[in-house]
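Peer 1: A single structure is presented below for examination.
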Amino acid sequence: MIITYDSKLAITVTKRSDEEYFVKQYSLETYELMWEESFSGQYVKLKEVEQNTHGKKFAVAYNDDGHFYVRTFDQ
């Protein structure tokens, strides 16, 4: 889990199984789920979310059974 640099969001990484992970964005003001995405495949490894210096743009790198991917998103 990370807290964005502007302290407005919490971003979590949750593992359901070896085949599926979830990245979720929660508002720290209202505690509501703002965004969610599932990363699934044959054998997925996803560890952490990185943010830019302003805490507005994010990237997650993950591996699906030997294939490397990068997904970017923002607030």
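The values are calculated or read from the model by the stated rules, or taken from the named source; none is laboratory data. Since we're looking at a predicted model, the values are computed, not measured. A quick note on method: Cβ atoms are made from the backbone with ideal geometry, for glycine too, and the neighbour counts reach across all protein chains shown.
Peer 1: Checking the conditions here, which among TYR26, TYR31, TYR5 is loosely packed, with under 13 Cβ neighbours inside 10 Å and either within 13 Å of the chain's Cα centre (by Cα) or assigned to a loop (DSSP other than H, G, I, E, B) (or both)?
Peer 2: Just one listed residue meets the conditions, TYR31.
Peer 1: Take the residues in segment 60-75 that are surrounded by 12 or more Cβ atoms within 10 Å (Cβ to Cβ) and closer than 18 Å to SER27 by Cα, then tell me which one is modelled with the lowest pLDDT.
Peer 2: My answer is GLN75.
Peer 1: Suppose we filter GLU48, GLU32 for residues that are out of contact with any strand residue (DSSP E or B) (no Cβ under 6 Å at 6 or more places or on another chain) and at pLDDT 95 or above; which single one remains?
Peer 2: Step by step, each of GLU48, GLU32 is checked, and only GLU32 is out of contact with any strand residue (DSSP E or B) (no Cβ under 6 Å at 6 or more places or on another chain) and at pLDDT 95 or above.
Peer 1: Please tell me if GLU36 is outside any strand (DSSP E or B) and in contact (Cβ under 8 Å) with a residue 12 or more places away in the chain.
Peer 2: No, not satisfied.
Peer 1: So, one more: Residues of segment 40-49 being surrounded by 12 or more Cβ atoms within 10 Å (Cβ to Cβ) and free of Cβ contacts under 8 Å to residues at least 24 places away in the same chain, which ones?
Peer 2: Listed by number, the residues that qualify are SER40, LYS45.
Peer 1: Could you check segment 7-22 and list, in sequence order, the residues that are under 13 Å from ASP74 (Cα atoms) and touching a residue at least 40 places away in the same chain (Cβ under 8 Å)?
Peer 2: LYS8, LEU9, ILE11
Peer 1: Go through segment 19-41 and give me each residue that's in contact with a Leu (Cβ under 8 Å, 6 or more places away or on another chain) and not aliphatic (A, V, I, L, M).
Peer 2: The answer is TYR21, LYS24, GLN25, TYR26, SER27, PHE39.
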